[in-house]
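In what follows, a single structure is set out as structure tokens and then discussed.
Every read-out reported here was derived from the displayed coordinates using simple, explicitly stated rules and does not represent laboratory data. In this text, all values refer to a predicted model and were calculated from it rather than measured experimentally. Here the Cβ positions follow ideal geometry from the backbone for every residue, glycine too, while neighbour counts run over all protein chains shown.
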Amino acid sequence: MPLLAVAACASPADSAGPAAATAPASAADEAALIEQYDAIISAFPTLAIRLATIRDQHAAHLAALGGAPAAPGTPVPSAVPRTAQEAVTALTAAEKAASVMRLEDCVAATDPQQARTLALIAASEASHVAEMAGP
Amino acid sequence: MTLDEARAAVVRGEDAAIYAYSIAGARVPGRRRATSALDAHRAARSNVAARLSRPPEPSSAYTLPIRPDSPDQARALLAAVENALVPVYSDLASASTGDERRRAVIAAQVCATRAVGWGVPSQAFPS
């Protein structure tokens, strides 16, 4: 019996599909958040106690997503808020956006292990929003 | 973990949370918050159990990780049960797809948020 011709095989990138697309995007977002935190902690040392542990959680998220932090000397975001209060507001908004994006990334993930990791990260980001708001 | 195993684990986790809230809810300063959280847990339990042909039955009692002997201990207990649900919902997210996965992630997010609301620090991977 003759073999049927098979359609052109998908490339590894194609077969990885949304999972491959999701991980770099999620990792890039975490790296960007870390940069944002670092810039604000630099500019407002009084916030360091409040922000440093959250920033470190994002480093853990980045590692879990297979990403690496930006190289030292990478230019930091130019727009640092003028006041500590504005900085906290900006970070709260960034965490809220991250929690929504990680939810979407998780829903789109095709790898179940990655979905689990993204769900945990999405939960962590959501908790950061509450934590920034304070007691 | 199969999808039904993940759903059953959520039902068991929610039953434990419901039990903890029934014991500790009256002892925390935020009584109204505790009541609305208890209602939310009951609704979540019901939604997930509905997807199972034979959902687990609640136990008559559970071993609590923290005895809620004081208001602070009660808050710590409720924070702990909320955080404990985050990996359980994450497992359900992993095992499910589409709308069920979306709801599972949102549930994980709400539980982690409630934990911080009860006064514990956030975690990178809440548990």
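Worth a mention:
- The stretch B:78-125 and the stretch A:77-123 have Cα centres spaced 15 Å apart.
- Evaluated on the stretch B:1-72, the Kirkwood hydrodynamic radius is 13.0 Å, with distances taken between all distinct Cα atoms.
- Within-9-Å neighbourhood charge of B:G117 [Cβ basis; K, R +1; D, E -1]: +1
- Packing rank of A:57-70, B:21-34, A:111-124, B:96-109, where each peptide gets the mean count of other beta carbons within 10 Å, highest leading: A:111-124, B:96-109, A:57-70, B:21-34
- Distant alpha-carbon pairs in the stretch B:74-115 (separation over 17 angstrom), percent: 29
- Separation in nanometres of the label points that stand 7 Å from Cα toward Cβ, at B:R102 and A:T53: 3.4
- Rounded to the nearest 500, the 222 nm mean residue ellipticity of chain B from helices alone is -23500 deg cm²/dmol, with -39,500 (n - 2.57) taken per DSSP H run of at least 4 residues.
- Neighbouring partner chain Cβ atoms per residue of A:99-106, average, 10 Å criterion: 3
- Percent of Cα pairs exceeding the 18 Å cut-off, where the set is chain B: 48
- Pair-distance distribution of the stretch A:33-135: all C-alpha pairs, bin width 5 Å, starting at 0; shares per bin in whole percent are 2, 13, 22, 24, 19, 12, 6, 2, 0.
- Rounded FRET efficiency, nearest 0.05, which uses the C-beta distance separating B:S36 from B:T63 and R0 of 25 Å: 0.45
- Net charge of the neighbourhood of A:H61, taken over other residues with C-beta under 14 Å away and scored Lys/Arg +1, Asp/Glu -1, is -4.
- Sites A:T83 and B:L3 - FRET efficiency at Förster radius 45 Å, r taken between beta-carbons, to 0.05: 0.40
- Sequence-ordered 3J(HN,Hα) estimates for the stretch B:99-113 from the Karplus curve with 6.51, -1.76 and 1.60 and θ = phi - 60° stand at 5, 5, 5, 4, 4, 5, 5, 4, 4, 4, 5, 5, 5, 5, 5 Hz, glycine and proline given as x.
- Note on the protein assembly as shown: Kirkwood radius taken over Cα pairs, Stokes-Einstein applied at 4 °C and 1.567 mPa s, translational D equal to 66 µm² s⁻¹.
- Percent of Cα-Cα distances greater than 14 Å, calculated over the stretch A:93-135: 44
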